[in-house]
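Enquirer: Before anything else, here's the structure in question.
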Amino acid sequence: MATYVDATGEAQTVNLRDTEAYKKFDPLAVIMCIEEGGEDPLTTLAAWQWVLDTGMYKQLQGFYGRTCRDLLDVGMIDPPLSEKGD
């Protein structure tokens, strides 16, 4: 479960993999969301979760891998399923 701050300033915990955005992402949509900004912070976090889960960050500029690592470190995205033993 990832944590983010919603529009009211309250911390929320959510499973990013259950969001509609995560389920609809493809490589182009994810890059556009990250580079241009998603509809909202939750959509952008879901995009980062997708990049991490698919391993796509390994094929992109180092910025993507470093950002995934930083978001993991602060608990804003979850470890990839393969690392959690799922």
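No value in this document is a laboratory result; all are computed from the given coordinates. Predicted model, so just to flag it, every value in this text is computed and none were measured. Backbone-built Cβ (ideal geometry, glycine too); neighbour counts: all protein chains shown.
Enquirer: Given all pairs of different Cα atoms, what value in angstroms does the Kirkwood hydrodynamic radius of segment 35-86 take? Kindly include the intermediate steps, with their values, before the conclusion.
Expert: Working: mean 1/r = 0.0886 Å⁻¹.
Result for segment 35-86 stands at 11.3 Å.
Enquirer: What ³J(HN,Hα) values, in whole Hz, does the Karplus curve 6.51 cos²θ - 1.76 cosθ + 1.60 give for segment 48-63 when θ = phi - 60°, with x put for Gly and Pro?
Expert: Ordered by residue, 3J(HN,Hα) equals 5, 4, 5, 4, 5, 4, 7, x, 4, 4, 6, 9, 10, 4, x, 3 Hz.
Enquirer: Could you give the dipole magnitude of the chain about its Cα centre, charging the beta-carbon of Lys and Arg +1 and that of Asp and Glu -1, in debye to the nearest 20?
Expert: Numbers: 7 positive and 15 negative charges, 69 e Å.
It comes to approximately 320 debye.
Enquirer: While we're looking at this one, here's another question. Roughly how many nanometres apart are two label points built 7 Å out from the Cα toward the Cβ at Lys58 and Glu39?
Expert: A separation of 3.1 nm, rounded to one decimal place.
Enquirer: Another question, then. Residues with amide H under 5 Å of Phe25's amide H, sequence separation 5 or more or different chain, H placed in the peptide plane at 1.01 Å from N; which?
Expert: When sequence neighbours closer than 5 places are left aside, there are no close amide H contacts.
Enquirer: Do you know the relative contact order of segment 1-76, to the nearest whole percent, from alpha carbon pairs under 8 angstrom that are 6+ apart?
Expert: Numbers: 69 pairs, mean separation 21.0, N = 76.
After rounding, I find 28 percent.
Enquirer: Hey, if you drop one equal point scatterer on each alpha-carbon of segment 1-85 and run the Debye formula without solvent, what base-10 log of I(q)/I(0) do you get at q = 0.19, 0.22, 0.27 Å⁻¹?
Expert: Relative scattering, expressed as log10 I(q)/I(0), comes to -0.80, -1.09, -1.59.
Enquirer: Ok, one more. Counting other Cβ atoms within 10 Å, which GluC sites (Glu not before Pro) in segment 29-67 have at most 14 and lie in a DSSP loop? Don't jump to the answer; show the numbers that get you there.
Expert: Details: sites: Glu35, Glu36, Glu39; in loops: Glu39.
Here the GluC sites (Glu not before Pro) that fit, given the DSSP loop and packing criteria, are Glu39.
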